[in-house]
Number of protein chains: 2
Amino acid sequence: MPDMSIVANGERVLADLHALRAIGTYKTGVHKPTFSEPHMRSLAWLTERLPDAGLAGTIDGIGNVIGTSSRPGPKLLAGSHLESQNHAGWLDGPLGVVYALEAARVINSDPSLTGAVEVAAWCDEEGHFGHFLGSRSYVGLVTEADIDAARDRTNGKPMRQALRDAGLAGRARVAAQPSRHIGYLEAHIEQGSLLEGGNLAIGVVTSIVGIWQYRIVFEGEQNHAGTTRMSARKDAGLALAKFCVAIDQRFPVASSPRTVWTTGRITLDPGAPSIIPGRAEMLFQIRDDDPAVIARLEALLLTMAEEARTAGPCGVTVERIRTGTPAMMDSAFQDAIEAASIAFADGRSVRMPSGAGHDAQVLATIMPAGMLFVPSIGGVSHHWTENTGDGDIVRGAQVFVDACSRLLAR
Amino acid sequence: MPDMSIVANGERVLADLHALRAIGTYKTGVHKPTFSEPHMRSLAWLTERLPDAGLAGTIDGIGNVIGTSSRPGPKLLAGSHLESQNHAGWLDGPLGVVYALEAARVINSDPSLTGAVEVAAWCDEEGHFGHFLGSRSYVGLVTEADIDAARDRTNGKPMRQALRDAGLAGRARVAAQPSRHIGYLEAHIEQGSLLEGGNLAIGVVTSIVGIWQYRIVFEGEQNHAGTTRMSARKDAGLALAKFCVAIDQRFPVASSPRTVWTTGRITLDPGAPSIIPGRAEMLFQIRDDDPAVIARLEALLLTMAEEARTAGPCGVTVERIRTGTPAMMDSAFQDAIEAASIAFADGRSVRMPSGAGHDAQVLATIMPAGMLFVPSIGGVSHHWTENTGDGDIVRGAQVFVDACSRLLAR
């Protein structure tokens, strides 16, 4: 049994999560796009609470908050993110940040322990301006040119402007210090229903899927919707619809049981009711933790595009715009989470891959990393109805704090 | 043979069209959205030229220009529009306005004739804020509430604001005076390739198709694109794509050879690459000049929606948002255009329906109306490459002016 004095304070964790939910509330969720006023207020809220955990921190030049400890001994980095998808849930991000804050509060002041938990809120995990800009900046993968080019995907606002408006333009970006941390631990809601369906309390993440993303463009002929005979048309929108249906028919044969694929956005150009679309574009995404499966599906996608081009009447081009290598979670971190689950969750844990991307996959490129999941009610994610029961939230915090103390005590 | 002194001045017509093309130029076409600076400058250009044609006029409170004559005798109304679709052609609209202006210049000062041609430029024929707002205002079909509700379909700007920005907010709207006109004549580019394909110079319009427009909404379940298994998804975007493909397969059987249908806009909600669309919407349009065909296709559309609902997993609703009764062109107007084509175009004319909507269909609700078409190169329409040969433009002007004088002389 662990030292029972080193235990998360469940009421404090719930109070903190509700305080963050009260900033940028949307129905029962929140609306906190990156660099929005409620996002910046959430970062300020966190920064003000860091001293309670023996940490000093501020908001850096890309919108990360990183609280550091001057305590001697090993340091474990822990955190998640505070911005949300548009009109989305209250726990996606804040849960991991508050667990990290709670672990720091409990552990960093305990005289029986050495070392400290350091807390991070990574900016823009939700990809309003890019993907994982905050954590990628921290590990040294974001250039000034990347920031110059980045725009808000909802309204097209340049990131430089957004940084100015948020008061971050003049600030330095904080970079990782080599060997400072023994690793990175992140908690998150599952965003699926495997835990709930199996009456489990904790998911011990084994790997994070790779995400491959494609821009698929159909080129037809823009023309008048009243005077162009059906037989004379080159309708790029119809070509796109046929392609979506073909993917639905042919991908299941080539995929693995865990593969998922999604067309998240479709744009017809010019998009007017009385004009035949001359150009149509879709954003298409494939996720799997096996690179061989992804390679097979990408080959199928290119074959299908070639077939569509040959069949006509529209041109088709496929451009890969994001390549995500799957990330493996450290086995010692998995063991620590599992041991903590035995201590605080009756062993109701399962090892599972993550189908969603997380900052942990970025941190995993420079240090050992681990993740734990708590259940999501109905598996709902990226929607304001997203939720987790209070019991599961508190149990997850206890497992998280215990796992941190085990990792620091190794 | 007509009096050969009453002939359009081809060079003057071409010069006027090029003057309008120089306002808001985009590549070889123009970009003049309704109430934009180049649109307002085009209206001012026309207003300044009205006195040359013996007309007095100004820009009214909805952006119409209507030039009136104090000459005794019958009055024929003629015109078209001066705004364009976004990044579109130089003749769609201006051709008909300049022909009307030329007819007024030639006829209104001729001592051998009585009566006059009056010139109109109807606002927003291209439907940036509604449909046929200018001509519908003139015939009394637009309410203050319609204007309160109207917004720019490209950027969402309220029409009231656009009217204020264009300096039109305080002005009165000009309404039709009962029995003032013997009818309305409009010229337009064909926006199709029937004339060009048959080496014909003039299309004598017999009817203008009705346009029925629908908002079709698919309701699924918004969820995370990484953590939601394929079998558990309710993807509204995929449901929409399947519906588009089904329309493509089933509409040909129930339609007439002239029917056309178009999906001009698709919106996935929320439209993010990592979120399964919970809602998807398409704007769908059917055009035919036979109401029985439209009724049959609407019934098919509703049946298909019911089948899609039953098959699941997404809900489907079909809402008709525009109902356009086909408009018949006056037979005396058709005869006058045909006689003018014999005099000025070697009889190379054909009677044909219009697949596009035009202000003439609105004017036809209160007076006899007619339309003539000139050829479009390659049938291109609503695109900046739209064009017509100079010879066809001049020949069309001569036929138009002659048809006007025949109608006034009846």
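Couple of notes before you dig in:
- Here segment A:8-65 is the region considered, the condition is being over 21 Å from the mean Cα position of the chain (by Cα) and among the basic types (Lys, Arg), and the residue that is surrounded by the fewest Cβ atoms within 10 Å (Cβ to Cβ) is A:27.
- Subset of segment A:195-216 [over 15 Å from the mean Cα position of the chain (by Cα), surrounded by fewer than 20 Cβ atoms within 10 Å (Cβ to Cβ) and part of a strand (DSSP E or B)]: A:206, A:215
- Those residues of segment A:361-405 which are within 14 Å of another protein chain (Cβ to nearest Cβ), aliphatic (A, V, I, L, M) and part of a helix (DSSP H, G or I), in sequence order: A:377
- Identity of the residue in segment B:225-245, part of a loop (DSSP other than H, G, I, E, B) and modelled with pLDDT of 95 or more, that ends up farthest from residue A:375 (Cα to Cα): B:235
- Filtered residue count, segment A:159-177, keeping only those that are in a helix (DSSP H, G or I) and in contact (Cβ under 8 Å) with a residue 24 or more places away in the chain: 4
- Filtering segment B:231-243 to residues that are at the interface with chain A (Cβ under 9 Å from one of its Cβ atoms) and surrounded by 22 or more Cβ atoms within 10 Å (Cβ to Cβ) leaves B:235, B:237, B:238, B:240, B:241, B:243.
- Considering segment A:246-360, the qualifying strands (runs of 3 or more DSSP E), each wholly inside and each with 1 or more residues that are away from every other protein chain (no Cβ under 13 Å) and either in contact (Cβ under 8 Å) with a residue 40 or more places away in the chain or surrounded by 23 or more Cβ atoms within 10 Å (Cβ to Cβ) (or both), run over A:315-323, A:349-354.
- Evaluation of residue A:180 against the conditions (1) assigned to a helix (DSSP H, G or I); (2) over 26 Å from residue A:381 (Cβ atoms); (3) of a type in the set (D, E, K, R) shows that the sole unmet condition is (1).
- Filter result for residue A:243 (aromatic (Phe, Trp, Tyr) and touching a Leu at 6+ places or on another chain (Cβ under 9 Å)): no
- Selection count, segment B:139-158, where residues are of a type in the set (A, V, I, L, M), in contact (Cβ under 8 Å) with a residue 60 or more places away in the chain and more than 20 Å from residue B:366 (Cβ to Cβ): 1
Matching residues to (1) under 11 Å from residue A:62 (Cβ atoms); (2) modelled with pLDDT of 95 or more:
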residue	(1), (2)
A:133	yes, yes
A:136	yes, yes
A:150	yes, yes
A:153	no, no
A:161	no, yes
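- Looking at segment B:44-132, the strands (runs of 3 or more DSSP E) lying wholly inside it that each contain 3 or more residues that are in contact (Cβ under 8 Å) with a residue 60 or more places away in the chain sit at B:75-80, B:116-121.
- Test: residue in segment A:244-257 that is within 30 Å of residue A:122 (Cβ to Cβ), in contact with a strand residue (DSSP E or B) (Cβ under 9 Å, 6 or more places away or on another chain), among the polar types (S, T, N, Q) and outside the structural domain of residue A:123 (by TED's automatic domain parsing): yes
- Evaluating residue A:192 against the criteria (1) more than 11 Å from chain B (Cβ to nearest Cβ); (2) outside any strand (DSSP E or B) leaves one unmet condition, (1).
- The criterion of being over 30 Å from residue B:273 (Cβ atoms), buried (at least 23 other Cβ atoms within 10 Å of the Cβ) and among the charged types (D, E, K, R) holds for residue B:186.
- Extreme residue, surrounded by the most Cβ atoms within 10 Å (Cβ to Cβ), among residues of segment B:140-160 that are within 13 Å of residue B:34 (Cβ to Cβ) and among the polar types (S, T, N, Q): B:154
- Scan of segment B:196-220 for residues that are away from chain A (no Cβ under 11 Å) and under 24 Å from residue B:338 (Cβ atoms), ordered by number: B:196, B:198, B:199, B:200, B:201, B:202, B:204, B:205, B:206, B:207
- Within segment A:136-147, none of the residues are acidic (Asp, Glu) and either within 13 Å of the chain's Cα centre (by Cα) or in a loop (DSSP other than H, G, I, E, B) (or both).
The values are calculated or read from the model by the stated rules, or taken from the named source; none is laboratory data. Note that this is a predicted model, so its numbers are computed, not measured. Quick reminder, even Gly has a Cβ in these numbers, built from the backbone with ideal geometry, and neighbours come from all protein chains shown.
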